[in-house]
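The next block holds one structure in the form of structure tokens; read it before the comments.
The values are calculated or read from the model by the stated rules, or taken from the named source; none is laboratory data. As the structure is a computational prediction, the values presented were derived from the model and not from experiment. Because the Cβ atoms are built from the backbone with ideal geometry, glycine has one as well, and the counts that use them run over all protein chains shown. Please note that ligands, DNA and RNA were not included when accessible areas were found on the heavy atoms of the full protein model with its side chains. Shrake-Rupley method; radii C 1.70, N 1.55, O 1.52, S 1.80 Å.
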Amino acid sequence: MMTENDRMWAAAGILFGGVATLSAATWAGAATGAVLTGEDVAPASPLTVYRMASDWASVWPHSQTASAVGAGLVDLAVTVLMVWALRVAFRWFRNPSHLATLYQVRELTPKRAARTATRLRASLKNVKPGNVKRADRGVLLGDHMPSGVELRGSDEDTFAAIMAPRAGKSTAIAIPVAEEAPGPLLMTSNKPDVYAATIASRSMVGQPWIFDTQGVAQSERRMWWDMIAQAETLEGAERLASHFITQIRSEQADPFWHQSAQDLLVGLFRAAWWDGGTVRDVMQWLSDPAEQAPMRILHQHEPVLAEQVESSVSIAPETQSGIYQNARTAVSALRDERVLAWVMPDKNWPAFDPEHFVTSKDTLYLLSKKGGPSSAVVAALADAVFTAGAEAGERNGGRLPEPMRAVLDEAANICRIADLPDLYSHLGSRGITPYVILQSYRQGVMAWGEVGMDAMWSAATRKLIGVGIDDWNFAQGVSTLVGAHFVNRSSHSKSKDGSSYSVSEQREQVMDPAEIRAMRKGTALLLSTGMPVAQIALRPWYEEKAMAHIGPAMENEEYAITKRAVAAYEERKAARRGR
């Protein structure tokens, strides 16, 4: 960090350079005027400059007017150029707040972001960086403060944001990132606002798939997803089962029960896949521990798995009952016929295919009101999309040809993929751009534990910290990461023998925890890998000319959601009266 002495020497150097440049410019302008009038040119030297300053007429005796005009014009041009250069230098290399300068975050500036985008996206391979449209440069972060230059991350970055409610999570992050998505878009939310804002424009890009098991947007079911297809492999069945077990796992409980319940679900999912069955078959098998059909199917196709599952449940009746009850609790959301219908074959509606989705420009909205068993289905579908995206990236030379963005709003509640912290470390390299949005760091700890949240936070290459951070420990940690700067402290003392004055240099935190908590609304701290902490101004969609269409479209969709909610309420009321 530059100290006060360093700044003084730098200022002295700039001053000396400016004087030398203006002296040279004065001589050059005067010499030009002399040449135009046919007079001899005085030699370029410090002595000539001194003589010009003390006695102009003695240096240019026969062209005083011409040399003076020439010197004045060149000095004016050089002065304008120097002022412009200083403004550019201050804009790039100076920040009064002692946070990152524009030069220090230059990788995120428009030209460099455009260059990165042409490397990552197949559709931009033959486009010159200067011709790349603003929305195609990458993932919008905000404007650097105080320069006002737009900053964007790339589609090989991974993102995380922590902001208090009403701090701009939807308006400045979720909606703009979704609106500018160049390829497929996966979006989770527990509110209908992001869906209402983007459904119209995303419908013009590709097909929208709305997975709304709890009526967040009051959407009629127009799709279904073959959940059992995820159990095509043993690994797929284990991942599928883990999403349900995660909802009931407790650190205080004996892990035997959860692990045994997960092993049971893995066996039942694999049996259903081998038999061409459905989720309803799994639910029926779970209801009767004496049912031997799934074991017969597994013995026929996977005897080793069958023996392991059988050994886990062929124990004392009381223990067996506990294992089955834990498994039933984990999949309790599927007891509801309305939820079950979303994962059951339906010839009236198209089936959602994750493998097709990841190479399309479609949008998948995963909506859920809260956490719990219902969110396990959301997590399972999101994980199926991530798996399909990673495999498609491998088939395309390592990355998806067009990046898939995954905006995981309220991820800790409605998309709790157990190993999401581990996935974070390689999703970006596969062309999948995850953006996890949380209300607090502790919310992530509750979902993934201290180790898991730390791993995901560390794996995120671009992190935003918004206003309203009330967690003292987290704010203190951020303050430490922001760092310190040097300040001069002066002291003056008097005594009977006289007075003394001294100046000492001290380190001081750039932002203390209270300042981080009290940041102005609409701003955020940006923590980027390999860069100092920067402050940015967020860019909500309603301040963007290119997104002016969102307002009317959002109003229309919110009106439609209200109508559907009223109709659903009237239908339920009529059903109660008819009982």
Quiz item: What are the residues in region 263-281 that are open to solvent by less than 40 Å² (accessible area, probe 1.4 Å), free of Cβ contacts under 8 Å to residues at least 60 places away in the same chain and assigned to a helix (DSSP H, G or I), if any?
Solution: 266, 267, 268, 269, 270, 271, 272
Quiz item: Are any residues in region 377-409 open to solvent by 10 Å² or more (accessible area, probe 1.4 Å) and part of a loop (DSSP other than H, G, I, E, B), and if so, which ones?
Solution: 396, 397, 398, 399, 401, 402
Practice problem: Those residues that are within 18 Å of residue 221 (Cβ to Cβ) and surrounded by 23 or more Cβ atoms within 10 Å (Cβ to Cβ), I need them from region 355-374; list them, please. | Solution: 357, 363, 364, 365, 366, 367, 368
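Would it be correct to say that residue 80 is of a type in the set (A, V, I, L, M) and under 30 Å from residue 103 (Cβ atoms)? Even if it seems obvious, please write down each step before you answer.
On the way: of a type in the set (A, V, I, L, M): yes; under 30 Å from residue 103 (Cβ atoms): yes.
For residue 80, the condition - of a type in the set (A, V, I, L, M) and under 30 Å from residue 103 (Cβ atoms) - is met.
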Self-check item: Residues located in region 44-57, provided they are at pLDDT 75 or above and of a type in the set (Ser, Thr, Tyr)
Solution: 45, 48, 54
Quiz item: Taking the condition assigned to a loop (DSSP other than H, G, I, E, B) and surrounded by fewer than 18 Cβ atoms within 10 Å (Cβ to Cβ), does residue 148 pass?
Solution: yes
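Filter region 548-564 down to the residues that are part of a helix (DSSP H, G or I), in contact (Cβ under 8 Å) with a residue 12 or more places away in the chain and open to solvent by 40 Å² or more (accessible area, probe 1.4 Å) and list them by number. First the steps, then the outcome.
First, pick out the residues of region 548-564 that are part of a helix (DSSP H, G or I): 550-564.
Filter again for in contact (Cβ under 8 Å) with a residue 12 or more places away in the chain, leaving 550, 553-554, 556-558, 561, 564.
Hits for region 548-564 are 556, 558, 564.
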Exercise. Kindly establish whether residue 134 is under 22 Å from residue 361 (Cα atoms), basic (Lys, Arg) and modelled with pLDDT of 95 or more.
Key: no
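Being modelled with pLDDT under 95 and among the charged types (D, E, K, R) is true for just one of 347, 361. Which residue is that?
Values: 361 fails: modelled with pLDDT under 95.
One residue alone meets the criteria, 347.
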Quiz prompt | Given (1) open to solvent by 20 Å² or more (accessible area, probe 1.4 Å); (2) within 15 Å of residue 265 (Cα to Cα); (3) out of contact with any helix residue (DSSP H, G or I) (no Cβ under 6 Å at 6 or more places or on another chain), index of the condition residue 324 fails | solution = (1)
Exercise. Scan region 208-223 and give yes if some residue there is open to solvent by less than 10 Å² (accessible area, probe 1.4 Å), part of a helix (DSSP H, G or I) and in contact with a Phe, Trp or Tyr (Cβ under 9 Å, 6 or more places away or on another chain), otherwise no.
Key: no
